[in-house]
Amino acid sequence: MAASISTAPSSFVYERRVARIHRYHWPAIQLNIWMLVMLVASCCLIGVFATLMQAQNQLELYTPWYFPYWLTVSSLTIVLMILLLWLISQRRLLPSIVILGAFVFFVLWLVGLIVVSIEMWSANGSVSSNCDLLVFSDAPTGNTMETLAWLEQKSICQSWQAIFAFALIGCVFLLWIAVIAIQVFYDDS
């Protein structure tokens, strides 16, 4: 609100301008589903990569750069969701914020998805070929250390498949919300 005062010898004149606030009509169900899926995917990726990093530390092996990368990107995605929830509660969520955030996080998630894909299906020494050769081709039984080690290896191989699935879901949903934000922007313009 702006006010101006003109001073005459004995009178005051106030002029007030009313600020016009434009409100956007967001599709509540789509926005809530998107936020829920992104939170679930981010939390699952944090859990899987934290477990893999802990296993790498326990084995005293080198931790690949994309393990902390995914932890960081997933954590930042959760921070973005919290920021969007706060903006929604203040009724200040703008389509431009969602479009820009979705684009930035789409690029970050896509980079991680490409790296995970290369690790899973590269020509030599990929996770998928090693899992097929060393884990899924053998199934020891009994109460032995070999069976326990095989069960751990099997869970690690399956976690890579989950990583790829959650990363792919995240990329698809980031594109989806960008389209919704563009529709909201053009519908209300």
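The values are calculated or read from the model by the stated rules, or taken from the named source; none is laboratory data. Predicted model, so just to flag it, every value in this text is computed and none were measured. Cβ: placed from backbone, ideal geometry, glycine included. Neighbour counts: every protein chain shown.
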Open item on the list: Of all residues being more than 23 Å from Thr51 (Cβ to Cβ) and of a type in the set (S, T, N, Q) in the range 138-176, which is surrounded by the most Cβ atoms within 10 Å (Cβ to Cβ)? Just the residue, please.
Closed with: Thr144
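Mind checking which residues of the range 1-37 are in contact with a strand residue (DSSP E or B) (Cβ under 7 Å, 6 or more places away or on another chain) and either under 29 Å from Met81 (Cβ atoms) or modelled with pLDDT of 70 or more (or both)? If you could, list the steps in order and put the result at the bottom.
Quick first cut of the range 1-37, residues in contact with a strand residue (DSSP E or B) (Cβ under 7 Å, 6 or more places away or on another chain) only: 1-6, 12-17.
Result: Phe12, Val13, Tyr14, Glu15, Arg16, Arg17.
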- [ ] Have a look at Val127, Val135, Val73, Val116 and point out the one that is touching a residue at least 40 places away in the same chain (Cβ under 8 Å), out of contact with any strand residue (DSSP E or B) (no Cβ under 8 Å at 6 or more places or on another chain) and surrounded by 14 or more Cβ atoms within 10 Å (Cβ to Cβ).
- [x] Val116
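Against the definition (small (Gly, Ala, Ser), within 30 Å of Leu84 (Cα to Cα) and at pLDDT 85 or above), how does Ala162 come out, yes or no?
It is false that Ala162 is small (Gly, Ala, Ser), within 30 Å of Leu84 (Cα to Cα) and at pLDDT 85 or above.
Let's see how each residue does on (1) farther than 16 Å from Glu119 by Cβ; (2) surrounded by 15 or more Cβ atoms within 10 Å (Cβ to Cβ); (3) in contact (Cβ under 8 Å) with a residue 24 or more places away in the chain:
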position: Trp34; (1), (2), (3): yes, yes, yes
position: Met38; (1), (2), (3): yes, yes, yes
position: Cys43; (1), (2), (3): yes, yes, yes
position: Met53; (1), (2), (3): no, yes, no
position: Gln58; (1), (2), (3): yes, no, no
- [ ] Give Met120, Met81 a once-over and let me know the one that is modelled with pLDDT of 85 or more and among the aliphatic types (A, V, I, L, M).
- [x] Met81
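Among the residues that make up the range 88-111, is at least one of them under 21 Å from Gln56 (Cβ atoms) and surrounded by fewer than 16 Cβ atoms within 10 Å (Cβ to Cβ)?
Let us first name the residues in the range 88-111 that are under 21 Å from Gln56 (Cβ atoms), namely 111.
Right, trim to surrounded by fewer than 16 Cβ atoms within 10 Å (Cβ to Cβ) and you get 111.
There is at least one residue in the range 88-111 that is under 21 Å from Gln56 (Cβ atoms) and surrounded by fewer than 16 Cβ atoms within 10 Å (Cβ to Cβ).
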